[in-house]
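Just below is one structure, and these are the notes that go with it.
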Amino acid sequence: MEVTIKDTKICLIQGDITLEETDAIVNAANTSLRGGGGVDGAIHRAGGPTILEECIEKYPNGCKTGEAKVTHGGLLKAMWIIHTPGPIWRGGGQNEPELLKNSYRNSFQQAEIIGATSISFPSISTGVYGFPIQKAALIAVETVLNCLPSNSIREVHFVLFSNRDYQIYEKTLTKLMS
């Protein structure tokens with residue numbers, strides 16, 4: 001699915017974020033920024049050891065949930081990786097929705113700082129962190145749409161690993177556009 005909103009192309013893609021050719025890709029990182037499973041592990045494996053080396057050197061204390069840090073893309077096609085730890089779902093009463101919004105907002109802010117005009121997002125926190133996909137999709141799409149008027153990003157990809165996730169994001173984007 002592809003739509004244009006406020007001069008920015010929004011694309012939903014079912015696939016592998018490590019293959020994206022946007023200026024920046026977002027890593028659903030853990031707070032240590034030392035690699036892990038899921039999207040985080042895939043990005044570190046595909047991008048090579050220089051990503052971890054840069055994380056250790058630049059961010060020895062890691063990154064707080066909802067914040068975002070930047071490294072070069074290593075061996076990836078993307079020039080930059082924006083690492084953001086999303087919240088672990090604990091039922092919704094521990095500020096998880098706001099922390100997830102912050103992950104998207106701060107990733108946009110970092111993209112602006114590095115001069116990116118295109119960015120690819122995974123579905124942050126919906127894997128092992130257990131954030132319900134319907135709630136996360138709504139937060140992700142709404143937050144991205146709210147960030148559009150005030151930045152240089154001209155292309156946003158939501159790269160979704162499963163067909164189920166793709167369908168949920170597609171329904172969410174369609175609903176928000178109507």
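Only bridges with both residues in the chain count here: give the DSSP antiparallel percent, nearest 5.
Numbers: 8 of 26 bridges.
In the chain, approximately 30 percent of DSSP beta bridges are antiparallel ones.
Let me confirm the definition first: pairs of Lys residues in the chain, 8 or more apart or on different chains, C-alpha distance under 14 Å. How many are there? Don't skip to the end; give the middle numbers.
Details: 58/69; 64/101; 101/135; 135/171; 135/175.
Summing the qualifying lysine pairs gives 5.
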Taking 8 Å as the Cα distance limit and 6 or more residues as the minimum spacing, I'd like the relative contact order of the chain as a percentage. 29
Among [x] 17.4, 55; [y] 14.7, 46; [z] 15.4, 45, which is the computed Rg and Dmax of the Cα atoms in Å? [y]
Just order 107-116, 22-31, 121-130, 1-10 by mean Cβ neighbour count inside 10 Å, highest at the front, would you? 22-31, 121-130, 107-116, 1-10
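Rounded to the nearest 20 debye, what is the charge dipole size of segment 2-177 about its Cα centre when +1 sits on each Lys and Arg Cβ and -1 on each Asp and Glu Cβ? Kindly include the intermediate steps, with their values, before the conclusion.
Numbers: 16 positive and 18 negative charges, 80 e Å.
Roughly 380 debye, rounded to the nearest 20.
Coordinate-derived values only; no laboratory data. Keep in mind that this is a model prediction, so the values were computed, not measured. Glycine also receives a Cβ, built like all others from the backbone with ideal geometry; neighbour counts cover every protein chain displayed.
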